[in-house]
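Single-structure report; data block below.
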Amino acid sequence: MRTVRVQTADFDIEAECRALAGGRPAIGAVVAFTGYVRGGNGLTALTIEHYPGMTEREIGRHAAEAEDRWPLDALTIIHRIGRLGGGDRIVLVAAASARREPAFQAAEFLMDYLKTRAPFWKREERGTSMEWVEAKESDATAALKWHRS
Amino acid sequence: MRTVRVQTADFDIEAECRALAGGRPAIGAVVAFTGYVRGGNGLTALTIEHYPGMTEREIGRHAAEAEDRWPLDALTIIHRIGRLGGGDRIVLVAAASARREPAFQAAEFLMDYLKTRAPFWKREERGTSMEWVEAKESDATAALKWHRS
Amino acid sequence: MKLLYFAWVRQRIGKAEENLERPSEVTTIAELAAYLHSRGEGYAKAFADPVRLRAARNQEHASFDAPVSDEDEIAFFPPVTGG
Amino acid sequence: MKLLYFAWVRQRIGKAEENLERPSEVTTIAELAAYLHSRGEGYAKAFADPVRLRAARNQEHASFDAPVSDEDEIAFFPPVTGG
């Protein structure tokens, strides 16, 4: 089972993990990664924009790659869009497998992708200033480690 | 903040992640690992026994090692004991950090420890037979990869 | 063709999407970007530095030498910053 | 000293814990195991193969040559299987 959602609403990790693992007795491990908007650094808010249609397609393509590389029983990816404040949650990736290593690897792989190459653009508000976030080199490097030769 | 609990009751991943990340604006990433009793393989139930006192101490010592190795903002470890059926959850490890890599690493490190060297003993019921689970070599190998030279 | 703009490309142009009758000289994404650059102040700002832009053709990442045809959905945006 | 037994060690002996007046010849965990082995059928089964046993002294893993004293809490158990 694969769930990909792009939404403005928050999510419930417990409910998502239950939906993921419920009725799938082969599952031994679920790794749920939650990303948060970091606050306390002058950031007022973060607005996330995406390319509707392409985002779901691209995320689905990478989810399929993760399913191809690791023996996963189920996968949930939820990404929020819109205006978020410090401490708000941005993203949930939950990967379920019989064993823990594939679940960890798949979640980390998908997060490295989502944080770098998924079609999202972020605008930061600091007081009255609003600036688009520039793509970062370090994140691109993290994504590169998954390249298959 | 560090929470270590050994309990018979189930846990709520959403509630634990909220307790972990709430009011800590520096947190950007929470990795929550949940372990399940795998069913569908003839297993009727799994009974987990532990060494009260030593278990909490040993888990606390490894939690401290994780906090020493990675920049963690908060850590929650909950391990269930008693009789569990297929699909029941056994363990939750949730690690919070500013960045995703330390959160992933710490959660994986603690799970490799918990699954191999924490003072738990498991007894499997299959129909009318009950057998103590033997320590596994492959798990010990997984734990070894974290040894510091 | 349908054109979509995201992030500061959208802001500079002042619209999120539009339909365009493809001019006959426009056969690649690069030529489309050059054509749009000539359409006024907002477009000129958005397309001033094509190196800073990325494009997608029919919802898939595309290089600037990719061909375009009348039915395509072409999007221009800054390098994605991820979620 | 206080003795604790877990998993099949507990089952074979038939109790989870007991207090023991330390015999004067028992100064290490290995000697304690040998002493317990002589205490009857359940103990004989539990301590038949010390290689299969692990021990803790005051809630910390200990090797069989670790010393024991009157106030210690000593636990015997199979190799832990983890959670």
**Request:** Scan the stretch A:93-149 residue by residue and report those that are among the polar types (S, T, N, Q), modelled with pLDDT of 95 or more and more than 27 Å from residue A:28 (Cα to Cα).
**Result:** none
**Asked** (1) surrounded by fewer than 19 Cβ atoms within 10 Å (Cβ to Cβ); (2) at pLDDT 95 or above; (3) closer than 24 Å to residue B:110 by Cα; (4) not small (Gly, Ala, Ser): which one isn't true of residue D:77, the others all being true?
**Response** (1)
**Message:** What's the total number of residues in the stretch D:1-33 that are of a type in the set (A, V, I, L, M, F, W, C), free of Cβ contacts under 8 Å to residues at least 24 places away in the same chain and within 27 Å of residue B:136 (Cα to Cα)?
**Reply:** 1
**Boolean, residue D:75 is within 14 Å of another protein chain (Cβ to nearest Cβ), hydrophobic (A, V, I, L, M, F, W, C) and either in contact with a strand residue (DSSP E or B) (Cβ under 7 Å, 6 or more places away or on another chain) or in a loop (DSSP other than H, G, I, E, B) (or both)** = yes
**Message:** So residue C:51 passes all but one of these: (1) surrounded by 15 or more Cβ atoms within 10 Å (Cβ to Cβ); (2) over 12 Å from the mean Cα position of the chain (by Cα); (3) within 14 Å of chain A (Cβ to nearest Cβ). Which condition number does it fail?
**Reply:** (1)
**Message:** Looking at the structure I just gave you, is residue A:82 surrounded by fewer than 22 Cβ atoms within 10 Å (Cβ to Cβ) and within 21 Å of residue B:98 (Cβ to Cβ)?
**Reply:** no
**Prompt:** Looking only at strands (runs of 3 or more DSSP E) that fall completely inside the stretch B:1-62, which ones have 1 or more residues that are at the interface with another protein chain (Cβ under 9 Å from one of its Cβ atoms) and in contact with a strand residue (DSSP E or B) (Cβ under 7 Å, 6 or more places away or on another chain)?
**Reply:** B:29-36, B:45-50
**Item:** Subset of the stretch B:31-79 that is polar (S, T, N, Q) and within 19 Å of residue B:103 (Cβ to Cβ) - its residue that is surrounded by the fewest Cβ atoms within 10 Å (Cβ to Cβ)
**Value:** B:76
**Request:** Output the number of residues of the stretch B:111-132 satisfying the condition of being small (Gly, Ala, Ser) and within 14 Å of residue B:50 (Cβ to Cβ).
**Result:** 1
**Request:** Answer with yes or no whether residue C:26 is assigned to a loop (DSSP other than H, G, I, E, B) and at pLDDT below 95.
**Result:** no
**Message:** Regarding the stretch A:47-56, can at least one residue be identified that is farther than 30 Å from residue C:8 by Cβ and among the β-branched types (Val, Ile, Thr)?
**Reply:** no
**Request:** Output the residues belonging to the stretch A:63-109 that are in a helix (DSSP H, G or I) and within 11 Å of another protein chain (Cβ to nearest Cβ).
**Result:** A:100, A:101, A:103, A:104, A:105, A:107, A:108, A:109
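Would you pick out the residues in the stretch D:2-48 that are of a type in the set (Phe, Trp, Tyr) and within 14 Å of another protein chain (Cβ to nearest Cβ)?
D:5, D:6, D:8
The values are calculated or read from the model by the stated rules, or taken from the named source; none is laboratory data. Note that the structure is predicted; figures quoted are calculated from it, not measured. Here Cβ is always computed from backbone atoms with ideal geometry, including for glycine, and neighbour counts include all displayed protein chains.
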